[in-house]
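Encoded as structure tokens, the structure appears first; notes follow it.
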Amino acid sequence: MNILVTGGTGYIASHTAVKLLAAGHQLVLVDNLANSNIAVLDRIALLSGQKPHFYQADIGNYAALSAIFTAHQIDAVIHFAGLKAVGESAQKPLHYYRENVAGSLQLLEVMQEFAVKSLIFSSSATVYGDPRELPLTEQSPIQPQSVYGRTKWMVEQIIADHCSADPSFSAVCLRYFNPVGAHPSGLMGEDPNGIPNNLLPFISQVAIGRREQLSVFGNDYPTADGTGVRDYIHVQDLAEGHRLALKLTNNPGCHRFNLGTGSGVSVLEMVDAFRAVSGHPVPLIICPRRTGDVAACYADAAKAQHELGWQAQLNLTDMVADTWRWQHLNPQGYQTPPAKLKEKL
Ligand code: NAD
Ligand code: UFG
């Protein structure tokens, strides 16, 4: 298929791109580089032997999007582009609604104009908010607690309404739990701008010596060791989920799937796993809870298993080992000079 990948140089999209190119799909990537580095394209080329078309453009820009759809015969769109920092979304709600909701609307309108009828959308476990019961199924109550979560739920509703109005349109909303890990080659991984918000990039920057210590946000939750529990999923498994979701592109309607492992891991368990794999110390201090955090969140991913034939294959050790390989080979992320990288490979 000819697939347009929005947010194409981002963390999850870049791993998915390598997987889709290996499966024989043709890709067109679009990204405004707000949260990614152009060097990702060279790494995709190195891993796949192919350099996909790339456009530096904003999905909110009608003229730019329509020029891309004019230049390429697109069969399906995988829509990753968006902003994802839960805390920041509370400080800049209008920006988040503009980028995530209005941006998605613009994309859907251009897809409609060019009669492109298949979409995979990056949704999030944050649509569920504070779970009333675990594990979370796709039928669990939707009650997003953050602006970010609300943007994802709004886009899911827009997509569902569009599917109702156009019975030939197929959409798959993938609700990711906590994506972590890196490509096993160590050539691609997560390279957040500034201070990482998320646990695993923070731990790995402490282990490599870029940051002094990890702040553990609360050890008084009603969990086994008192720290927050999440369902961490390897980005390679997530990428495979997208490849399999493409099967539904001939199946009209709005489909929703949880993508998680079904197992919860606490902050302290993650720190222990990282120390064991890297052999490096991870100094930490216990801090107050972070506003908006929930005690525990993990998925029931049985629907994805039954309907997509998808199941997470990689375990916590794989997630940590691949993150560490990426961090170790690329101490400055994608800024790491290629010569330095070659020395280490
Ligand atoms: P990322 O920031 O690495 O990737 C998003 C990409 O979109 C970036 O490259 C960014 O430059 C680009 N982008 C942002 N706004 C854009 C715009 N208006 N036009 C064009 N490009 C734009 O994040 P990621 O972790 O790869 O996340 C991908 C998607 O998955 C996002 O929609 C995110 O909300 C969703 N998601 C992520 C997580 C997570 O924890 N990583 C969890 C659930 C859902
Ligand atoms: N944590 C710390 N210290 C840190 C960072 C995180 O103790 O420096 C803890 C958090 O309190 C939480 C756990 O580690 O208990 C995981 O936190 P993350 O920030 O890594 O992940 P979240 O579960 O808060 O949210 C992430 C993404 C969202 C996504 C969601 C899906 O940030 O974009 O997973 O479940 F939607």
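The values are calculated or read from the model by the stated rules, or taken from the named source; none is laboratory data. Small disclaimer: the values here were computed from a predicted structure and weren't measured. Positions of Cβ are backbone-derived with ideal geometry, glycine not excepted, and every protein chain shown enters the neighbour counts. These area figures cover heavy atoms from the full protein model, side chains too; ligands, DNA and RNA do not enter into them. Shrake-Rupley method; radii C 1.70, N 1.55, O 1.52, S 1.80 Å.
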Original post:
In whole angstrom, and with the biggest value first, how far do the Cα coordinates of segment 183-266 range along each principal axis?
Top reply: 50, 37, 21
**OP:** With the Cα gyration tensor of the chain in hand, give its eigenvalues times 5 under a square root as the equivalent ellipsoid semi-axes, listed largest first in whole angstrom.
**Re:** 31, 25, 18
Original post:
Listed highest first by mean packing, meaning other Cβ atoms within 10 Å per residue, what order do 212-224, 318-330, 31-43 come in?
Top reply: 318-330, 31-43, 212-224
**OP:** From zero up to wherever the largest Cα-Cα distance of segment 102-260 sits, split into 10 Å bins and tell me the percent of pairs in each.
**Re:** 9, 31, 34, 19, 6, 0
Original post:
For the chain, what number of Lys pairs, 8 or more residues apart or on separate chains, have alpha-carbon atoms under 19 Å from each other?
Top reply: 7
Original post:
Accessible area per residue, 1.4 Å probe, Å², for segment 38-187: what's the number?
Top reply: 43 Å²
Subject >> Cα-based convex hull volume of segment 1-46 per residue, rounded to whole Å³ >> reply: 58 Å³
Original post:
Once you charge only the Cβ atoms, +1 for Lys and Arg and -1 for Asp and Glu, what is the size of the charge dipole of the chain about its Cα centre, to the nearest 20 debye?
Top reply: 540 debye
Original post:
Where does each of 262-273, 283-294, 92-103, 143-154 land if you order them by average Cβ count within 10 Å, highest first?
Top reply: 143-154, 262-273, 92-103, 283-294
**OP:** Starting from the amide H of Ser124, placed 1.01 Å from N in the peptide plane, find each other amide H under 5 Å away whose residue is 5 or more places distant or on another chain.
**Re:** Tyr176
**OP:** With a point put 7 Å past each Cα toward its Cβ, work out how far Leu46 is from Met1 in nm, to one decimal.
**Re:** 2.9 nm
**OP:** Between Arg290 and Lys247, with labels modelled 7 Å along Cα→Cβ, what's the label distance in nm to one decimal, could you check?
**Re:** 3.5 nm
Original post:
For segment 207-251, with only Lys/Arg (+1) and Asp/Glu (-1) charged at the beta-carbon, what is the dipole magnitude about the Cα centre, in debye rounded to 20?
Top reply: 280 debye
Original post:
Can you pull the percent of segment 2-344's accessible area that's carbon plus sulfur, 1.4 Å probe, other chains left in place?
Top reply: 50 percent
Subject >> Value at 222 nm in deg cm²/dmol, rounded to 500, when DSSP H runs of n ≥ 4 in the chain each add -39,500 (n - 2.57) >> reply: -11000 deg cm²/dmol
Subject >> Residue-by-residue Karplus 3J(HN,Hα) for segment 116-128, coefficients 6.51, -1.76, 1.60, Hz, glycine and proline x >> reply: 8, 10, 10, 9, 10, 10, 7, 9, 8, 4, 5, 5, 7
**OP:** Report, in whole Å, the centroid distance computed from the Cα atoms of segment 169-218 and segment 49-85.
**Re:** 24 Å
**OP:** Calculate, axis by axis, the spread of Cα positions in segment 186-345 along the three principal axes, and write the results as whole Å, longest axis first.
**Re:** 50, 46, 26
Original post:
Over the chain, what relative contact order in percent results from Cα pairs under 8 Å that are six or more residues apart?
Top reply: 19 percent
Subject >> Gain on full stretching of the segment that runs from Ala64 to Gln305 - 0.36 nm per residue minus C-alpha separation >> reply: 83.0 nm
